[in-house]
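The values are calculated or read from the model by the stated rules, or taken from the named source; none is laboratory data. Predicted model only: the values in this text are computed from it and were never measured. Here the Cβ is made from the backbone with ideal geometry for all residues, glycine too, and neighbour counts use every protein chain on show. Heads up: the accessible areas ignore ligands, DNA and RNA and are worked out on the full protein's heavy atoms, side chains in. Shrake-Rupley method; radii C 1.70, N 1.55, O 1.52, S 1.80 Å.
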2 protein chains.
Amino acid sequence: MALSTPVTSVADICLAAKEAAGPLAALGSDVKDRALLAIADALVARTPEILEANARDLEAGRANDIGDALLDRLALDPARVAAIADGARAIAALPDPVGETIDGHRLPNGVDVRRVRVPFGVVAVVYEARPNVTIDAAALCLKSGNAIVLRGSSSAIHSNRVLAQIAAEAASAAGVPDGAISLVAGGGREELAELATQDGVVDLIFPRGGEGLKNALKAVATVPVIYAASGNCHVFVDASADLDAAEAIVLNAKVQRPGVCNALETLLVHADAAAEFLPRALRALDAAGVELRGDERVRAHAPAGVAVAEATEEDWATEYLALTLAIRVVDSAQEAIAHIGRYGSGHSEAIVTRDTASARAFQLLVDAACVYVNVSTRFTDGGEFGMGAEIGNSTQKLHARGPIGVRELTTFKYLVEGTGQVRA
Amino acid sequence: MALSTPVTSVADICLAAKEAAGPLAALGSDVKDRALLAIADALVARTPEILEANARDLEAGRANDIGDALLDRLALDPARVAAIADGARAIAALPDPVGETIDGHRLPNGVDVRRVRVPFGVVAVVYEARPNVTIDAAALCLKSGNAIVLRGSSSAIHSNRVLAQIAAEAASAAGVPDGAISLVAGGGREELAELATQDGVVDLIFPRGGEGLKNALKAVATVPVIYAASGNCHVFVDASADLDAAEAIVLNAKVQRPGVCNALETLLVHADAAAEFLPRALRALDAAGVELRGDERVRAHAPAGVAVAEATEEDWATEYLALTLAIRVVDSAQEAIAHIGRYGSGHSEAIVTRDTASARAFQLLVDAACVYVNVSTRFTDGGEFGMGAEIGNSTQKLHARGPIGVRELTTFKYLVEGTGQVRA
């Protein structure tokens, strides 16, 4: 009879989260912020415990030969734990999105209708190796009044367990309802499928990970999912561009951090600017260690000593996430916009121009989460946009596009007040 | 070689819609509104053509014995066509949601970031017998700058074809890009599946129909869908309620139009108000022809001659959509809120009270699209809320809750402008 193991099912964890979601939605900002600061303090205080759990994950990772890159993403040290704690403190300092009146008006019959921001309820976050996501996601959900169900990967299971436990205990002690922060025990595909089909219990799933994770989710999810697609981002240097600004933006967007989704992947150059801009830009990019791939007209402008390989159709469609750049000469802003419409992934697209007509056409006709005029694509980021931390970047159009911060972790309800009005 | 039939595939229709979506998103309000008025005029002018096509659907419907209710939903006459045309004119008169700046701010480095409302791109609407949806949905999508792909049921295929063709021709003549309004040829499940998996082409699907249609879509859709769940709506009459207002609201919510999703299904009455309120309310409901089902405490208050059947667990969970009402006595506002949390479908929930604490708790703790204080639930409607026509009512939390009007048929993009800023 009493031989069953104490493992809690995914469904039970989600039900407990839903139970917590009601009181959590009505919790004051003061309690939530105290809980976030308590989580930060507990993380610092319990660093040895975290590092010990992390050491077990690292050991298993080495035994399983997961590779240096994955081991680095997995590894924690006192400085990294302190940075995670600081992240929770920064989220505590953000304004509370819950309760904001978005808009409202009075109907002719005297009834007041207003839209007020409320939490979703239960948010699930599925993620891969980085254990810091455990706290980042939990803190963002707590701030926005959502219960969170975390599902990390099996490679980080010991680290994630300790981190989630510390967060749940500190939050609970500060007055947050039990069940508001929980972690699904294992990292298996069956658990992912169970989590992704909790209709009516889980309100929303955010995947944070690669294409494999997203496809696994797409195949099974019946709960709404906000996907963050890849960022095949472009900079278009128009005929009238300030070439100093253009060079600075192209270098920044390509080189500053090439492995992220808002980095530049294809440079488009107006034919009228090509002769003056391309030699200097190619030289600068080459000096920065960028592998260059251009069409015929680009290659014709390559200065001596700078190698530009022949770009193929595949290059236009590729998100390199590396120090590689595809480059194409176009004959007009319209051609640049059409190229972006065909190959872009709707993430971040920039024009460098001094021409208001080109700028306006680019803003109106490029269909992307973030459309830049004379600014680097690298600004697509919750922190840079002044929204605080982000849980991811959406390239879907439903609900929220671009950075998903605490505001985007909310929905709204209509509050309607009157004095006995009925419908005629 | 040239023997292929001229039937256009679902995929081709969607691609043509996507092609149209770019220029449509940038189209001025003047062109869109002229097109809507032209559609209205064309509907009236071509009424004989519409009625002839409708007669063929009705004939097939009678031959297939689809029943009087479905035949009535299918039937058009000159007055109904004129009403459809008036609907298009009313949509023309709404403010254009496209281009609205939702919010914006300047970053410390001088970069301006603003969120601007833009169309989704391609919206698909799948619907059942009523041919008026063809024009209602096309007009809402045109106004909001979206290309629309319509997929009606096979029972209305001739009517829908003529209506869609009239709309597409009138819009095209007014300067709307070809492909902006189109109808998928047949009403089969294969076509539904093909439509629901046009990732990257179709941005969003709205089903307008019963549970069968929604379940068929849920099983296959990879494109985001906004579902309109059922409305198991409650009115809670609190201890302090103004009983005249309570009776008026309960009767209005139950009786005025019982077959719609914002109608009352379960009445909750505070124990302290039961002895005074229930006899008069039960008598009035009975006189209005409502079949009553109550718990033991409700039945104890039934006046002589008013039959109140015993309510079962199933009654609390049922959306009758008919002149039937479940009634329960609760001991507190908290118990009412818990009942609604358990059985409600998140549509429209009302409290009748004079107590500010009860009203506040109800607003904070009831998780529904529309939460009413001293107002009938029947106001959950785009027209009543002053939003103009609606394409449906969402009980999902993602993107939009409640009525889906022209504003809810849009997404946004970030427009970011600077003078050469790069990320540090």
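One table, with the values for the structure above:
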{"quantity": "Largest-first principal axis extents of the Cα set of the range B:351-409 (Å)", "calculated": "37, 22, 13"}
{"quantity": "Residues losing 50 Å² or more accessible surface upon assembly, the range A:400-415, compared with the chain by itself, 1.4 Å", "calculated": "A:R401, A:R407, A:F412, A:K413, A:Y414"}
{"quantity": "Sparse-neighbourhood loop sites, trypsin sites (Lys or Arg not before Pro) in the range B:318-368 - DSSP loop, at most 13 other Cβ within 10 angstrom", "calculated": "B:R354"}
{"quantity": "Ellipticity estimate at 222 nm from DSSP helix runs (n ≥ 4, -39,500 (n - 2.57)) divided over chain A, nearest 500", "calculated": "-13000 deg cm²/dmol"}
{"quantity": "Sum of side-chain charges, B:V329 neighbourhood, beta-carbon under 12 Å (Lys, Arg +1; Asp, Glu -1)", "calculated": "-2"}
{"quantity": "Potential lengthening between A:A271 and A:R189 on full extension [0.36 nm per residue; Cα-Cα distance subtracted]", "calculated": "24.5 nm"}
{"quantity": "Karplus 3J(HN,Hα) series, Hz, for the range A:347-354 with 6.51 cos²θ - 1.76 cosθ + 1.60 (x for Gly, Pro)", "calculated": "9, 9, 9, 10, 10, 10, 7, 10"}
{"quantity": "Accessible area per residue in Å² at 1.4 Å probe, computed on the range A:233-379", "calculated": "37 Å²"}
{"quantity": "Relative compactness, the protein assembly as shown, computed as alpha-carbon Rg over 2.2 N^0.38 Å", "calculated": "1.02"}
{"quantity": "Computed FRET value (nearest 0.05) for A:R280 with A:A83, which takes r as the C-beta separation and R₀ as 41 Å", "calculated": "0.60"}
{"quantity": "Teacher prompt: B:A287 distances to equivalent labels in other copies, 7 Å Cα→Cβ, nm", "calculated": "9.2"}
{"quantity": "Magnitude of the charge dipole, the protein assembly as shown, Cβ model with Lys/Arg +1 and Asp/Glu -1, debye to 20", "calculated": "660 debye"}
{"quantity": "Other-copy label distances relative to B:R189, 7 angstrom Cα-Cβ extension, nm", "calculated": "2.6"}
{"quantity": "Per principal axis, descending, Cα span of the range A:233-379 in whole Å", "calculated": "39, 30, 26"}
{"quantity": "Carbon plus sulfur fraction of accessible area for the protein assembly as shown, probe 1.4 Å, in percent", "calculated": "52 percent"}
{"quantity": "10 Å Cβ neighbours from other chains, averaged over peptide A:379-391", "calculated": "3"}
{"quantity": "Candidates A:D199, A:D96, A:D33: whichever shows maximal mean-square fluctuation once chain A is modelled as a Gaussian network with Cα springs under 10 Å", "calculated": "A:D199"}
{"quantity": "C-alpha center-to-center spacing [the range B:343-358, the range A:164-200] in angstrom", "calculated": "30 Å"}
{"quantity": "Total accessible area lost when A and B pair, probe 1.4 Å, Å² to nearest 100", "calculated": "5500 Å²"}
{"quantity": "Burial order of peptide ranges B:12-20, A:35-43, A:66-74 (average beta-carbon count within 10 Å, highest first)", "calculated": "A:35-43, B:12-20, A:66-74"}
{"quantity": "Whole-angstrom gap from the range B:248-320 to the range B:378-424, using each part's C-alpha centre", "calculated": "36 Å"}
{"quantity": "Shortest-first nm distances, A:R62 label point to equivalent points in other copies (7 Å, Cα→Cβ)", "calculated": "8.5"}
{"quantity": "Residues with amide H under 5 Å from that of B:L264, placed H, sequence gap 5 or more", "calculated": "B:K254"}
{"quantity": "Rounded to whole Hz, the Karplus (6.51, -1.76, 1.60) HN-Hα couplings of the range B:255-269, x for glycine and proline", "calculated": "9, 4, 7, x, x, 10, 6, 9, 7, 6, 10, 10, 9, 10, 10"}
{"quantity": "Nearest residue to the symmetry axis between B and A, taken on chain B by its Cβ, in whole Å", "calculated": "B:H399, 2"}
